[in-house]
1. Helices from the chain with mean Kyte-Doolittle at least -0.5 and a Cα length along the axis of 18 Å or more, per DSSP H: which?
2. Rounded to the nearest 20 Debye, what is the dipole magnitude of the stretch 146-212 about its Cα centre when Lys and Arg each give +1 and Asp and Glu each give -1 at the C-beta?
3. Is the stretch 100-233 rounded, prolate or oblate when judged by the Cα gyration tensor, a ≥ b ≥ c being the square roots of its eigenvalues, rounded requiring a/c under 1.5 and prolate requiring a/b larger than b/c?
4. For a quick check, take a GNM of the chain with Cα springs below 10 Å and name the residue from Val110, Val133, Val216 with the largest mean-square fluctuation.
5. Which Cα, out of Ile59, Ile72, Val9, lies furthest along the positive dipole direction of the stretch 1-119 (beta carbon charges, K/R +1, D/E -1)?
6. Picking from Ala191, Ser212, Gln125, whose Cα lies most toward the positive end of the charge dipole for the chain (charges on Cβ: Lys, Arg +1; Asp, Glu -1)?
7. List the lysines whose Cα lies under 25 Å from the Cα of Lys4, skipping any in the same chain that are fewer than 8 positions away.
8. Tell me, what is the FRET efficiency for Ser57 and Ile186 to the nearest 0.05, using R0 = 45 angstrom and their Cβ-Cβ distance as r?
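Nothing in this text is a laboratory measurement; each read-out follows from the coordinates by a stated rule. The structure presented is a predicted model; accordingly, all values stated were derived computationally and were not measured. Heads up, the Cβs are rebuilt from the backbone with ideal geometry, glycines too, and the neighbour counts pull from every protein chain shown.
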Amino acid sequence: MVAKKRKIVIAIDGFSSCGKSTFAKAIAARLGYIFIDTGAMYRAVTLYALENGAIRSGIVDEDAVEALLPQIEITFRFNPQRGASDIYVNGDLAEGRIRSIEVSNCVSGVSSIRAVREKLVAMQQRMGRDRGVVMDGRDIGTVVFPDAELKIFMTADAEVRARRRYAELTAKGDNVTLEEIVENVISRDKADMSRAISPLRQADDAIVLDNSYMTVEEQMEWFMERYNAAVEE
Ligand code: DC
């Protein structure tokens, strides 16, 4: 009989628009693991803050967001059609609404609030307690699961990432220029890396995956070699 492989925590951190979620979702499906998109959790808090007056005209009132925290309950429910879990805020489906431009524009301000990070990090640690999870974010390998058995730090050339995002947005009919997307990608990288609390940083024991010129299949092949080595240890 083939021994059952032990379940581990797989931490995927890295820059925005690197394809982290797509990669993490594919890995989870392949391994039968739970995929947790931690960016969705920061987006959910931002959505609730917007809907409850703690963000006005794009200005985040940090004290007001903190005061709302005890009344925010975030849950996930698996959606077989998407092959991933949908996020709910106080029982209401929030999956579509958390991806709006309004939320995207305010989420950096909300994710830099200490109380927000403390609440969400504690939740993420509970979700991964029994291992068998692929978690994607910015601080998973450094703060949430410093003991993760496999840590991947994803990166890709800023211009390549901007081109991918530009193709996505123009396919949706958004009227944007490649130049403004390049600027936005670079400024978000800076904001993520220079945040005072839990900045985006490569963990010392993370393996770098630069997927600028890799197909999804090549990335999966790359991953499976590292995964097999990690579970064999
Ligand atoms: O991955 P994303 O773009 O959906 O993340 C949304 C925002 O949340 C992004 O501005 C970075 C922040 N974030 C974070 O601070 N820590 C995480 N673990 C995940 C996301």
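1. Span-like helices in the chain: 38-51, 178-194.
2. 200
3. Oblate, because a/c is 1.5 or more while a/b does not exceed b/c.
4. The residue that fluctuates most here is Val216.
5. The Cα lying farthest towards the positive end belongs to Val9.
6. Gln125
7. Lys25, Lys151
8. Numbers: r = 25 Å, r/R0 = 0.56.
It comes to 0.95.
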